[in-house]
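For reference, the structure is listed below as structure tokens.
Each value in this text was obtained by applying a stated rule to the coordinates, not by laboratory testing. Since we're looking at a predicted model, the values are computed, not measured. Neighbour counts are summed over all protein chains in view; Cβ atoms, including those assigned to glycine, are modelled from backbone coordinates with ideal geometry.
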Amino acid sequence: MATQAMFLKNLQRTLGQNIRQYGMFIALFVIMIIFSITTNGIFISSRNLSNLINQTGYIAVLAVGMTLVIVIRHIDLSVGFLAGFLGAVAAIALRFWDLPTIVVVPMVLVMGGLAGLLTALPVAELKIPSFVASLAGWLIYRGALQLVTAGTGTIIIEDETFNAIGNGFIPDLPVTLIPGYHTLTLLLGAIAIGAFIFSEIRSRNKKLAYNFEVLPADMFALKLIFISTLIGLLAWIMAGYNGLSWTMVIVLVVVAIYHFITTQTVLGRHIYAVGGNPEAAELSGISVKRITYIVFASMGMLAALSGILFASRLRSATTTAGTLFELDAIAAAYIGGVSAAGGVGNVIGSIIGALVYVSLTSGMNLMGIDIAYQYIVRGLVLVAAVIFDVTTRRRGRAG
Amino acid sequence: METPILEMRQITKEFPGVRALDNVTFSVKRGEIHCLVGENGAGKSTLMKVLSGVYPYGTYSGEILIDGQPQRFSGIADSERAGIGIIYQELALVPEMTVYENIFLGHEINRNGLIDWNETIHRADAMLRKVRLTVNPATKVRDLGVGKQQLVEIAKVLSRNVKILILDEPTAALNEDDSENLLNLLRELRDHGVTCILISHKLKEVLSIADTVTVLRDGKTVCTLDAHKGEVSEQALIRNMVGREITNIYPPRSHRPGADPMLALRNWTVYAPELGRYILRDVNIEVRRGEIVGLAGLMGAGRTELALSMFGNAPGYRISGELWLKGKQRWFRHPQEAIAAGMAYVSEDRKAKGLVLIQDVRQNITLANLRALARNGIIDRNAEIQVAEEYRRSLNIKTPTIEQQVVNLSGGNQQKVCLGKWLFVRPDVLILDEPTRGIDVGAKYEIYQLMNRLVEDGMSILMISSELPEVLGMSDRVYVVSGGRIKGELPIEVASQEKIMELAVDY
């Protein structure tokens with residue numbers, strides 16, 4: 001009894017202290033359970049979740065870039081149509097210039113990076129508000145998209161390598177572990193769980209060596225079990241339907257890279273310092289200008305990636321591709337806990353935010369809810385997430 | 001005897017940990033120009049904020065009487081109604097609006113919410129004549145010089161039937177001609193029955209214009225002097241402004257400054273095109289190895305601008321002159337270059353310019369020199385923790401862990417985090433801008449000890465400070481700045497509070 005009471009007390013305390021950190025995971029979990037019930041389990045089916053994650057891809061990569069843009073107290077509205085425009089450029093390069101995917105993808109990514117630098121130019125040099133500079137970009141890329149698709153209308157992409165990016169799955173091993181399940185995906189899931197547990201234990205031991213506060217042992221175990229289960233479940237569900245998609249692999253790689261940069265590198269620390277207090281950062285020898293260019297260039301490059309994912313998913317470039325992507329990405333970042341005051345927010349949160357956002361759409365679609373109500377629900381979720389974030393942050397500071 | 005137009009009796013105002021005003025009594029006669037003088041932090045601005053209702057009734061103790069009637073202001077609107085008009089150092093005009101819109105801002109002449117523009121312009125014209133400003137009232141304030149903006153501000157206040165006009169350092173940003181105009185205007189207003197309270201650092205100005213002078217020091221009224229009885233003189237004012245006891249709160253020093261100059265400025269001149277005036281002019285200073293040099297002066301003298309312009313952070317300024325660092329002539333376009341060359345600057349405003357408040361102690365300490373902890377751009381977390389722990393120990397930063405957000409630390413500990421950050425760049429020349437502002441006595445003493453230790457190890461320190469006892473207690477040599485110029489250099493043996501103040505108020 002005593003140990004049980006202790007466990008509950010620890011649980012309450014841990015959740016209370018880290019409510020902000022875990023809040024999004026819990027929200028996502030709750031949303032998934034609700035939809036699973038209301039759709040008689042269709043929502044949680046392997047096929048639907050696999051589709052859902054593939055649909056999240058092009059918003060998720062934008063949300064990752066947008067997170068950093070918002071962290072340094074800016075905004076980039078141009079990325080939706082930039083993604084649409086660059087998707088069309090990719091389609092034209094494949095279809096009319098007969099360039100192979102291996103050339104087109106890097107080319108488009110570089111163009112995206114350059115477009116980002118262009119948006120940053122008036123922001124960094126003349127202190128023009130990024131809202132205005134990127135709104136100009138929004139208009140320009142919208143026009144550019146219509147211009148390049150004017151003669152042809154929708155451009156069908158026939159390159160199968162390119163189309164696999166948005167529709168294909170990773171190949172399987174020639175062995176079968178469990179009939180009907182994708183072996184390599186299961187294996188990767190197991191490896192991920194192992195790596196996660198190993199790195200968590202190592203980091204906890206390191207903190208203990210410095211006498212830092214760590215989670216109580218039972219809570220730590222609970223956290224390991226919870227997240228391992230999540231990873232395992234995800235791998236299991238994916239393995240039940242064709243395995244990991246290439247889109248998912250790309251998103252995971254992007255998240256891993258950005259998570260690493262933001263948490264482990266000098267560049268990442270400088271980005272957060274500029275967001276937290278630009279004047280102090282400048283006086284500490286950090287060039288705020290340089291950071292602005294880098295963050296916008298990364299945003300542009302991720303917009304290009306988003307455009308590639310979208311065009312590939314549709315196997316075509318359309319005249320309206322990219323419409324409202326920027327607002328979806330911004331909403332995902334805010335749901336994921338980024339703060340407009342600057343210096344706060346992380347890419348994992350934004351990915352979860354994107355998943356929450358797309359889950360809502362997908363679940364409500366399955367339930368046959370009218371699109372008008374869907375917008376209203378999404379709006380309410382956004383405002384609820386931000387209110388939750390602001391109030392827990394305030395409490396966190398007071399305590 | 002006639003009732004004074006304004007009386008403030010036994011005013012006491014406390015902030016957490018500080019008694020800003022201590023039993024202050026202040027009495028102003030009808031139709032006089034009454035100057036309020038004192039060092040930075042003596043309590044002048046706080047007293048005026050009490051009077052104007054910025055600190056409402058109940059947040060201070062004491063009495064305010066206007067024309068013998070007790071007043072209880074709960075906000076600025078109340079004090080305005082009672083006839084008090086105040087003009088702050090930072091002008092409160094909307095640059096994008098016209099002169100007449102600004103004059104009647106918040107008190108628009110209207111009928112049922114519709115503004116009567118003709119009447120507005122007509123009356124604005126009359127107000128402008130009163131302050132002897134000949135501009136078209138339809139001019140945008142943005143297009144006027146600072147001196148004319150000041151006059152618009154006065155017209156704005158006068159349009160509200162003020163009995164008592166308060167001006168806080170009105171000439172601080174003005175050139176000589178504009179200052180003279182303003183003082184003449186004040187004399188004229190006085191002759192038309194407006195009572196003026198003038199806060200000023202410029203003693204010459206005070207001597208030429210004051211009917212009465214009240215001196216504040218450390219939140220207390222020191223004396224009130226009557227100019228017409230010949231009580232006001234420069235010596236009398238300076239003596240009363242400084243005369244603070246220097247208690248022995250400075251650690252003993254054993255260091256001996258070297259002879260070779262580490263930092264030197266030659267004819268350093270900084271011009272601000274936007275303001276149309278010089279911030280600094282022909283500054284020549286030198287800091288030697290192992291020396292603490294004090295840079296004294298009043299607020300607005302150009303001390304912080306001097307530091308920032310050396311440090312490569314002077315956006316929009318035009319700089320000429322030479323900067324010599326460790327025997328080489330240098331020129332820094334960005335703080336990054338200054339840091340790389342061996343300089344460090346600890347800002348006077350640790351919250352706005354020193355710290356990233358939402359980050360923790362560790363992240364703040366390593367911010368300016370992360371590259372030293374990184375290989376291929378990847379931070380070595382263990383090395384970082386060790387560095388942060390090392391500075392926490394050596395500077396005695398009181399925090400539960402180095403993972404504590406600095407926003408939760410006390411002022412003294414925040415300042416130590418700032419110092420830690422700059423010591424970690426291992427500078428040869430350290431510029432400290434008001435290093436002990438707003439921190440408790442214990443932390444002050446620790447910072448003084450640290451400064452002595454650093455110069456013993458061969459570092460050179462340039463210390464900007466408004467606290468004269470601190471300047472005298474810590475420096476080996478003192479420069480005094482006033483109006484953007486070095487007014488004098490004093491070896492510590494001959495420096496005294498009076499001598500420094502004499503130079504600091506010399507415009």
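Data table
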quantity: Listed residue pairs exceeding 28 Å between alpha carbons, taken from B:148/B:229; B:416/B:499; B:204/B:229; calculated: B:148/B:229; B:416/B:499
quantity: Amide H contacts under 5 Å for residue B:481, placed H, 5+ residues apart; calculated: B:296, B:297, B:487
quantity: Under the span-like rule (Cα at least 24 Å along the axis, Kyte-Doolittle mean at least 1.0), DSSP H helices of chain A; calculated: A:19-38, A:46-71, A:101-126, A:130-148, A:217-239, A:246-264, A:288-314, A:347-366
quantity: Residue with peak Gaussian network fluctuation, chain A [Cα springs, cutoff 10 Å], from A:120, A:60, A:354; calculated: A:120
quantity: Inter-probe distance in nm under a simple model that places probes 7 Å from Cα toward Cβ, at residue B:372 and residue A:36; calculated: 5.3 nm
quantity: Where a label projected 7 Å from the Cα of residue B:92 along Cα→Cβ would reach, residues of region B:124-162 with amide N under 15 Å; calculated: B:150, B:152-162
quantity: Computed over chain B: relative contact order in percent, which uses C-alpha pairs under 8 Å that are six or more apart; calculated: 15 percent
quantity: Dipole in debye (nearest 20) - chain A, about Cα centre, beta carbon charges: Lys, Arg +1; Asp, Glu -1; calculated: 1160 debye
quantity: Principal axis dimensions, largest first and in whole angstrom, of the protein assembly as shown by Cα; calculated: 108, 73, 65
quantity: Between region A:257-304 and region A:30-85, the Cα center-to-center distance that results, in Å; calculated: 24 Å
quantity: DSSP-defined antiparallel bridges as percent of all bridges, the protein assembly as shown, nearest 5; calculated: 60 percent
quantity: Candidate aspartates and glutamates for bridging to residue A:127, where Cα separation is under 20 Å - those fewer than 8 sequence places away on the same chain excluded; calculated: A:76, A:279, A:282, B:96, B:274
quantity: Share, in percent, of DSSP beta bridges within chain B that are antiparallel, nearest 5; calculated: 60 percent
quantity: Alpha-carbon centroids, region A:331-363 and region B:425-462: separation in whole Å; calculated: 44 Å
quantity: Chain A: radius of gyration and largest Cα-Cα distance (Dmax), Å; calculated: 21.9, 75
quantity: FRET efficiency for residue A:160 and residue A:279, using Cβ-Cβ distance with R0 set to 60 Å, rounded to 0.05; calculated: 0.70
quantity: Top positive-direction residue, dipole computed over region B:98-180 with Cβ charges, set B:145, B:114, B:133; calculated: B:114
quantity: When each of A:223/B:421; B:163/B:220; B:444/B:487 is checked by Cα-Cα distance, pairs over 32 Å; calculated: A:223/B:421
quantity: Chain A: most fluctuating residue of A:273, A:195, A:93 per GNM, C-alpha cutoff 10 Å; calculated: A:195
quantity: Over chain B: helical MRE at 222 nm, DSSP H runs n ≥ 4 each giving -39500 (n - 2.57), nearest 500; calculated: -9000 deg cm²/dmol
quantity: Per-residue Cβ neighbour rank within 10 angstrom, fewest leading, A:111, A:66, B:474, B:299; calculated: B:299, A:111, B:474, A:66
quantity: Rough spin-label spacing in nm, given labels placed 7 Å along Cα→Cβ, for residue A:324 and residue A:200; calculated: 3.7 nm
quantity: Theoretical gain in end-to-end length, residue A:211 to residue A:384 [0.36 nm per residue, Cα-Cα removed]; calculated: 58.6 nm
quantity: For chain A, built as a Gaussian network whose Cα springs stay under 10 Å, the top-fluctuating residue of A:247, A:152, A:262; calculated: A:152
quantity: Stokes-Einstein translational diffusion, region B:350-426 - Kirkwood Rh over all Cα pairs, 1.306 mPa s, 10 °C, in µm²/s; calculated: 131 µm²/s
quantity: Computed log₁₀ I(q)/I(0) - Debye formula, equal Cα scatterers, no solvent, region B:6-242, q 0.12 Å⁻¹; calculated: -0.69
quantity: For residue B:476, residues with placed amide H under 5 Å, excluding near neighbours; calculated: B:292, B:293, B:294
quantity: Pairwise centroid distance, computed over Cα atoms, of region B:165-219 with region B:102-130, Å; calculated: 28 Å
